[in-house]
Amino acid sequence: MLIEYIVGLSGLIAAGLFIYGLKAMSSPVTAVSGIVTAGYGMVFVVGATFLNLFNISPDARPHLLVNVALAVVALLLGCLWTGWRGRTVQMTAMPQMVAIFNGMGGGSAASLAAVSLLSDHATSGLHLSVTIVGALIGCISFTGSIIAWAKLDGRMRKPVRFGGQRIFNAALFLIALVLGALTVMQYATPQGVLPGILFFAAALLFGVCMTLPIGGADMPVVISLYNAFTGLAVGLEGYVMGNPALMIAGMVVGSAGTLLTALMAKAMNRSLTNVLFSNFGDTASSAKGPEGEMKSADPSDAATSMRYASSVIIVPGYGLAVAQAQQKLYEFVKMLVADGVDVKFAIHPVAGRMPGHMNVLLAEAGVPYDMICDMDDINDSFATTDVALIIGANDVVNPEALTDKSSPIYGMPILNAYKARQVFVIKRGSGTGYSGVQNPLFFQKNCTMVFGDAQAVLSKMVEAVKALGTA
Amino acid sequence: MMDSVTSMTFIIALYIFMLAAFTGYVVISRVPSILHTPLMSGSNFIHGIVVVGALDALFNATTLTGQIIGFVGVFLGAGNVMGGYVVTDRMLAMFRPSQKQTPEKKGQP
């Protein structure tokens, strides 16, 4: 009795710490303390769960030693492997790590469901139905996240699409539902085992098939959606287990994740149905862009004009991250700041691979977060700025999104870099961006291209400014 | 514990779900977009609490199948917890204001 109270209260305390931590994480000033707080909550509740060992069912008592040994080994293996992966992975690879860890949570929720279906305690149909729904969501999140990881990690470059795919997926989903219903109806009978196994197989397969046709650029939204899915699955399995801490934590993440997904989709000007059911990027490549001459310049010329400008706004894109040039960029920025230039970073909501990913990459290079501005805060400043420096970004500064209704990216909010007095673009070549649309900005009179790898170009710029300083 | 489910506890569960859903919504609704990725990772860590349920299931396992599934569940859940924490912590550790001006360079690429 006493143990039940202690374990129950520890769950309550953990849930409170999670909510407090999540709240703290929503401001950059308190964010670090937030995750630490939530971490204490987790250690506390996992530790208290071991007290349940004194309270297990009589049937399980003979297996106690083996079960505890298995639990400790599983805990250690899980923590060591992911802790090592999480510590050593490159910052640019963070989104796929979030995907894989999220998938593991979904898989864990699904196995919880499997365990409670296996145990033949007498339970209500309602209880079983909740178990099945949680299992379905957990399975989708599990395999879906793995596919998302493979796509982001570059192991699966092309979206897989075939005719009638939507009908196939819908049929698969229906089959999973029917098998789930059969499992509930034939629960605890020998005939119920086969539908149960087939149900899990169908649910896992559906997660794969649902994610396969989605393009790489939409993956952040999908991962965020699966994050919400896992939360929901955990909440539902929490009900099945009679554990309110799981219910609260799972449902908080479920709703917060849904909201985050909506915010991300909005920032990319894509509706969720569009992300899940349309084929973006397939038809766009045929779009015809403006023709004309691009001007190009030497890195040192561009650096010189920035050194004598009074204000510079930098627009970083994924190309910067790919070239691993954030450190070099900040070195260059520090030199400009030392010479009295007002430098700001303008971040498009979807710069990098996820909303906020570019902020993380810049922060890693040491850029203080108060130099970094959101799109809405800085967009009006471009008109009064001397130089806009665009590095490895394309679609997010394409003015066509504002003017050309026929453009596939029409309606997407952009950074108004084209309004600056002078625009420099560091770019590897004259190709198009992810959407396959040519960018009329590059042909504008006030725009000059600096072709080359961002790392190499920025090194030359740093040297050019150094040379000016000593002269 | 697992069979003590009556209609009343189901109603209470719905209350808990409703309140928790509102809590999640309110907590996130004013987040600046620069924190979207760390926050997604942070909430990813929080649903790692599923490991607690998996541990309970494994402790009460009586068959080999139950033990195997429980083991997998605990492994996956523990991975969710640890990975989520480490990744979030690494991302958040990088946010600092300009007054400190980066005393040491962390994590060279």
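The values are calculated or read from the model by the stated rules, or taken from the named source; none is laboratory data. This structure is a prediction, so every number in the text was calculated from the model and none was measured. Here the Cβ positions follow ideal geometry from the backbone for every residue, glycine too, while neighbour counts run over all protein chains shown. The accessibility values were calculated without ligands, DNA or RNA, using every heavy atom of the protein model including side chains. Shrake-Rupley method; radii C 1.70, N 1.55, O 1.52, S 1.80 Å.
Of these, A:D386, A:D374, which one is within 13 Å of chain B (Cβ to nearest Cβ) and over 16 Å from A:T92 (Cβ atoms)? Step by step, each of A:D386, A:D374 is checked, and only A:D374 is within 13 Å of chain B (Cβ to nearest Cβ) and over 16 Å from A:T92 (Cβ atoms).
For the range A:54-61, indicate whether the set of residues that are more than 8 Å from chain B (Cβ to nearest Cβ) and open to solvent by less than 30 Å² (accessible area, probe 1.4 Å) is non-empty. No, that holds for no residue.
With respect to being facing chain B (nearest Cβ under 7 Å), touching a Gly at 6+ places or on another chain (Cβ under 9 Å) and modelled with pLDDT of 90 or more, A:S108 fits the description. When A:F168, A:F173, A:F200 are checked against the criterion of being aromatic (F, W, Y), farther than 24 Å from B:S43 by Cα, at pLDDT 90 or above and open to solvent by less than 60 Å² (accessible area, probe 1.4 Å), a single residue qualifies: A:F200.
Looking only at the range A:10-24, residues that are farther than 14 Å from B:V52 by Cβ and either hydroxyl-bearing (S, T, Y) or touching a helix residue (DSSP H, G or I) at 6+ places or on another chain (Cβ under 7 Å) (or both) come to 6 in all.
None of B:L76, B:L55, B:L64 is at pLDDT 90 or above and more than 7 Å from every other protein chain (Cβ to nearest Cβ) except B:L64. Only helices (runs of 4 or more DSSP H) wholly contained in the range B:1-88 count here; list those with 3 or more residues that are touching a residue at least 40 places away in the same chain (Cβ under 8 Å) and not polar (S, T, N, Q). Qualifying helices (runs of 4 or more DSSP H): B:36-46. Can you go through A:S129, A:S116 and tell me which one is within 7 Å of chain B (Cβ to nearest Cβ) and not in a loop (DSSP other than H, G, I, E, B)? Result: A:S116 is the single residue among A:S129, A:S116 that is within 7 Å of chain B (Cβ to nearest Cβ) and not in a loop (DSSP other than H, G, I, E, B). So which of A:L75, A:L152, A:L51 ends up being out of contact with any Phe, Trp or Tyr (no Cβ under 6 Å at 6 or more places or on another chain) and open to solvent by 40 Å² or more (accessible area, probe 1.4 Å)? Only one candidate qualifies: A:L51.
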